[in-house]
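Asks: Quick one: structure below, then a few questions.
Throughout, read-outs are computed from the coordinates displayed, never taken from laboratory work. From a predicted model like this one, the values you see are computed outputs, not experimental measurements. Glycine also receives a Cβ, built like all others from the backbone with ideal geometry; neighbour counts cover every protein chain displayed.
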Amino acid sequence: MSNIKKDWIGSTQNVMATLNASSHSKKEREQNDYYATPPKAVEQLLELETFQINIWECACGEGHISKVLKKFGHNVRSTDLIDRNYGDIYDFLKTNGSADCDIITNPPFSKANEFLQKAMEIMFDGRKLAMLLRIQFLEGVARRKLFKVYPPKVIYVASRNIRCAKNGDFKNASGNASTYCWFVWEKGFNGEPTIRWFND
């Protein structure tokens, strides 16, 4: 996939969808760090921020973020490394070319640095990246260096617990000690991040 700008919307079948990724076991899925986003958290983000009509959800899972975005009138390209019966199978981290769209996603936490770097590499200036991440994403010397290059524009801290569902199982999702935030970047922004709260 060399021209993201032409193909991102998803109305054209992605050639990567021909790959067989449906044989991943439950254990492998857990290793891929799949924690689905509650739709309410996406709705709250859309109340806080405005986004382009065209959005790429590049770790779409079973479509929990994508479905809300579509409901609010966005054109959404949905892709994921793993086949979970939604979107196209595609490795976002291997993307070449450019993407004239905003990106909203809940990436595997273990790959969040890489998702940030790749998104900022391929997005056009002025486009936004929003990622739902644990507040611990602020920690670490290596990540501090990354933030110097790509400072978030706004960090929205959840005042109440957000229950992300392991393997998309919201029926058995339980609260945990993690505080989630929406981290929002705007390509080209070089100022100091603003901290705000939501879900109160």
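Asks: Counting other beta carbons within 10 Å of each Cβ, put S159, S66 in order, fewest first.
Replies: Ranking S159, S66 by Cβ neighbours within 10 Å, fewest first, gives S159, S66.
Asks: Within 10 Å, count the other beta carbons around each residue, average over each peptide in 121-130, 190-199, and list them highest first.
Replies: 121-130, 190-199
Asks: Once you sort the root eigenvalues of the Cα gyration tensor of the stretch 68-136 as a ≥ b ≥ c, which label holds: rounded (a/c under 1.5), prolate (a/b larger than b/c) or oblate (the other case)?
Replies: Since a/c stays below 1.5, the shape of the stretch 68-136 is classed as rounded.
Asks: Amide H to amide H under 5 Å from I103: which residues, 5+ apart in sequence or cross-chain, H placed 1.01 Å off N in plane?
Replies: W56, K128, L129, A130
Asks: Which of the pairs K40/K67; K67/K94; K111/K166; K71/K94; K118/K153; K40/K148 have their Cα atoms more than 22 Å apart in this structure?
Replies: Details: K40/K67 12 Å; K67/K94 25 Å; K111/K166 16 Å; K71/K94 29 Å; K118/K153 17 Å; K40/K148 31 Å.
Result: K67/K94; K71/K94; K40/K148 exceed 22 Å.
Asks: Further, regarding this structure: Specify whether the C-alpha gyration tensor of the stretch 29-187 places it in the rounded, prolate or oblate class, a ≥ b ≥ c being the square roots of the eigenvalues: rounded for a/c under 1.5, otherwise prolate if a/b is larger than b/c and oblate if not. Show your work: numbers first, answer last.
Replies: Values: a/c = 1.28, a/b = 1.09, b/c = 1.17.
Rounded is the answer for the stretch 29-187, as its axis ratio a/c remains below 1.5.
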